[in-house]
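**Q** Quick one: this structure, given as structure tokens, is what I'll be asking you about.
None of the figures in this text is laboratory data; all of them are computed from the coordinates on show. As the structure is a prediction and not an experimental result, all values here were calculated from the model. With ideal geometry, Cβ positions are generated from the backbone for all residues, glycine too; neighbour counts draw on all protein chains shown.
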Amino acid sequence: MESWIHKDVNSSFTERKFSKQELAADLAYLKKQMAERHPAYSEFTDQQAIDHQHAFIESQLKDGMTRQEFFRIAGKINPLFNDGHSFIFPLLAETSFDKKSGHKIFPFRLTVNGGRLYLEHSYSRKSDSIRLDKGTEIISINGVFSSDLLNELQSYSHGETEELRKHMGTLLFPYWLNALWDFKDHFHLRIKTQQQQMSLELTPLDQWEITDGQVQDNWFRVLPQNIAYLRLGTFDVASASADYSELIQTSFTEIAEKRIDKLIIDVRGNTGGQTDAGAEVISYLTNTTIHQSAKATEKLTQETNGLFGYKGKPGETIELDVLNAESIKPADKHLQFGGKAVVLINEMTYSAGIVFATTVQDHQLATLMGQATGGHANQTGNLVPFYLPNTKLLVLAPSRYIIRASGSHKKQPVQPDILTDYQAASEQDHTLLAASLLLQQK
């Protein structure tokens, strides 16, 4: 992500103070650019709400504001984009520079359930071997209750729903803590584990390690009962990534060689990346050519209209050839999986993860199990960064809009074929267990 920091931004620039006129110009630029860049802006946003919020933000501007002070006001526009791909980034440069200068940011990966924060992994501290189990609840951080943190966070975060914005907030949680509360270096936690509450101090000298097994995003293993398990935690891989392609190919080669006829593909928490990465997996699940979407459009900008503008003019919307150029052809016949497959999804399956899930569901390639996605089944994509002209704050916006393979235009989450409860505080993965039991049924 650090490559997204504007070339003119250094540590001294982050402390610069801006005039009210400069900030108002940035706000006007943001409003204009988002409307011009987003491929389905009118479908995603309430223009009256956007206008009202812009007017309110402008009323709060004053001379002498820093980037952080401006962000704490302007960032309140993020939820109104109603899109997990559209938002002002929470002070990427400031947090990156803090890390480089030796400051410690929040060290744990968290998950949200029922408006509460939990550890997504188990951790151990090197200095004294203190262990924190997966599912440990974070009651408060530096005296602020987690419920209050989440409520404030969702008012700045990005996503189609309030619940998704809370989940999305955990992806950049250290950045949000730094941007909104100046939390870094020292963290006083109040935690709850096994029905007991205790305090825990985190210092800049602490080194924490994940201790609950696999830490890679993507991996494969064979579970008991001869069930193949392919964990796809991200599709954020280069479209021609040798490592990713090798993982997928060797996984399905092993499945074929061992004659495994039960498969779980886990895309829970997969917030996306390249749709090509999902298509590569799907090619092993089908014996005929299929497509990932019924329709996809692209809103052209100066960054996306191609070499010498061969795609068209900036501002023009073009339709992509999803039924031919972007179709998925089946893998070699001896590697095609013909058994029973289950795909696990949850609220944090998003973007290319959602495209993967809808493709599987619409073409009936596997059973979807888990929780409904937080984002809508029809997704934006192809993020293009731009910057506010004066403060140089990073803004992300999509350029593509993808309609699911079934052709449905409904604004709704992806619904699993089999709904399971998520229990964040439990060491037992109930959804994975349910999938294993389903596959063992005749």
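**Q** Return, ordered by residue number, the residues of segment 108-140 whose backbone nitrogen is under 15 Å from a label point located 7 Å along Cα→Cβ of W219.
**A** Under cut-off, by backbone N: 121-123.
**Q** Continuing with this model, one more query. About its Cα centre, what dipole magnitude does segment 218-440 give when the only charges are +1 on Lys and Arg Cβ and -1 on Asp and Glu Cβ, stated in debye to the nearest 20?
**A** 360 debye
**Q** Using Cβ counts within 10 Å as a stand-in for footprinting exposure, how do L30, L223 rank, fewest first?
**A** Least crowded to most crowded, the residues run L223, L30.
**Q** Using a Cα-Cα cut-off of under 14 Å, which aspartates and glutamates could be cross-linked to K20, ignoring same-chain neighbours fewer than 8 residues away?
**A** E58, D63, E69
**Q** Sticking with this one: Rounding to the nearest 20 debye, state how big the charge dipole of the chain is about its Cα centre with +1 on each Lys and Arg Cβ and -1 on each Asp and Glu Cβ. Display every interim value, and only then the final one.
**A** Working: 44 positive and 53 negative charges, 16 e Å.
Here the chain has a charge dipole of around 80 debye.
**Q** Here's a follow-up. For a label point 7 angstrom out from the Cα of K17 toward its Cβ, which stretches of segment 69-83 have the backbone nitrogen within less than 11 Å?
**A** none
**Q** Which entries of K62/K104; K104/K192; K32/K100 have Cα-Cα distances beyond 26 Å here?
**A** Working: K62/K104 31 Å; K104/K192 23 Å; K32/K100 34 Å.
Over 26 Å Cα-Cα: K62/K104; K32/K100.
**Q** Provide the percentage of antiparallel DSSP beta bridges, counting only those with both residues in the chain; round to the nearest 5.
**A** Percent antiparallel among DSSP bridges in the chain is about 75.
**Q** At a Förster distance of 35 Å, what's the computed FRET efficiency of Q441 paired with Q196, Cβ-Cβ distance as r, to 0.05?
**A** Rounded to the nearest 0.05, the efficiency is 0.35.
**Q** Could you identify which residue out of S399, S86, S122 has the top mean-square fluctuation in a GNM of the chain using Cα springs shorter than 10 Å?
**A** Per the Cα network of the chain with a 10 Å cutoff, S122 tops the list.
**Q** So, one more: So how far apart, in nm, are the two label points at H103 and T203 if each is 7 Å from Cα heading toward Cβ?
**A** 2.0 nm
**Q** Only four residue types carry charge here, +1 at the Cβ of Lys and Arg and -1 at the Cβ of Asp and Glu. Report the dipole size of segment 346-423 about the Cα centre in Debye, rounded to the nearest 20.
**A** Result for segment 346-423 is approximately 400 debye, rounded to the nearest 20.
**Q** Between segment 246-262 and segment 102-120, what's the alpha-carbon centroid distance in Å?
**A** 35 Å
**Q** Given R₀ = 60 Å, FRET efficiency for A25-D243 by Cβ-Cβ distance, to 0.05?
**A** 0.85
**Q** Segment 2-96: percent of C-alpha pairs farther apart than 19 Å?
**A** The proportion of pairs with Cα distances above 19 Å equals 44 percent.
**Q** Next question. Which one of T359, N390, S327 is farthest out on the positive end of the charge dipole of segment 316-442, using unit charges on Cβ (Lys, Arg +1; Asp, Glu -1) and the Cα centre as origin?
**A** S327
**Q** How far apart, in nanometres, would the label points at Y310 and A35 be if each is projected 7 angstrom from Cα along the Cα-to-Cβ direction?
**A** The two pseudo-label positions are separated by 3.4 nm.
**Q** Which entries of K299/K410; K134/K329; K99/K134; K7/K134; K134/K392; K134/K411 show an alpha-carbon separation above 30 angstrom in the structure shown?
**A** Long pairs (Cα-Cα over 30 Å): K134/K329; K7/K134; K134/K392; K134/K411.
**Q** Seen from all sides and averaged, what is the projected area of the convex hull of the Cα atoms in segment 64-161, in nm²?
**A** Answer in nm², one decimal: 8.2.
**Q** In deg cm²/dmol, rounded to 500, what helix-only [θ] at 222 nm does the chain give when every DSSP H run of at least 4 residues adds -39500 (n - 2.57) and the total is split over its residues?
**A** Calculated at 222 nm, the ellipticity per residue is -8500 deg cm²/dmol.
**Q** Mind pulling up the Rg/Rh value for segment 104-210? Radius of gyration and Kirkwood radius, both on Cα.
**A** Dividing the radius of gyration by the Kirkwood radius yields 0.95.
**Q** What GluC sites (Glu not before Pro) in segment 310-366 are in a loop by DSSP, with at most 16 other Cβ atoms within 10 Å of the Cβ?
**A** On the way: sites: E316, E319, E326, E347; in loops: E316, E326, E347.
Here the GluC sites (Glu not before Pro) that fit, given the DSSP loop and packing criteria, are E316, E326.
**Q** Compute a Gaussian network model of the chain, connecting alpha carbons closer than 10 Å, and tell me which residue from Q60, Q249, Q371 fluctuates the most.
**A** Taking springs between Cα atoms under 10 Å, the residue moving most is Q60.
**Q** Are there any trypsin sites (Lys or Arg not before Pro) in segment 336-416 that are in a DSSP loop and have at most 14 other Cβ atoms within 10 Å? List them by number. All intermediate terms of the calculation are to be shown ahead of the outcome.
**A** On the way: sites: K340, K392, R400, R404, K410, K411; in loops: K392, K410, K411.
Of the trypsin sites (Lys or Arg not before Pro), the ones in loops of segment 336-416 whose Cβ has at most 14 other Cβ atoms within 10 Å are K410, K411.
**Q** Looking at F81, A28, F70, which one has the Cα that reaches farthest to the positive end of the dipole of segment 2-96 (charges on Cβ: Lys, Arg +1; Asp, Glu -1)?
**A** F70
**Q** Now for a separate question. Name the residue, out of T286, T359, T211, whose mean-square fluctuation peaks in a Gaussian network model built on the chain with Cα pairs under 10 Å.
**A** For the chain, modelled as a Gaussian network with Cα springs under 10 Å, the answer is T211.
**Q** Also: In percent, what relative contact order does the chain have, based on Cα pairs under 8 Å that are 6 or more apart in sequence? Numbers along the way, then the final one.
**A** Values: 929 pairs, mean separation 75.2, N = 442.
That works out to 17 percent.
**Q** Using 1/(1 + (r/R0)^6) with R0 = 30 angstrom and r between the beta carbons of S127 and S147, what's the FRET efficiency to the nearest 0.05?
**A** For R0 = 30 Å, the calculated efficiency reads 0.45.
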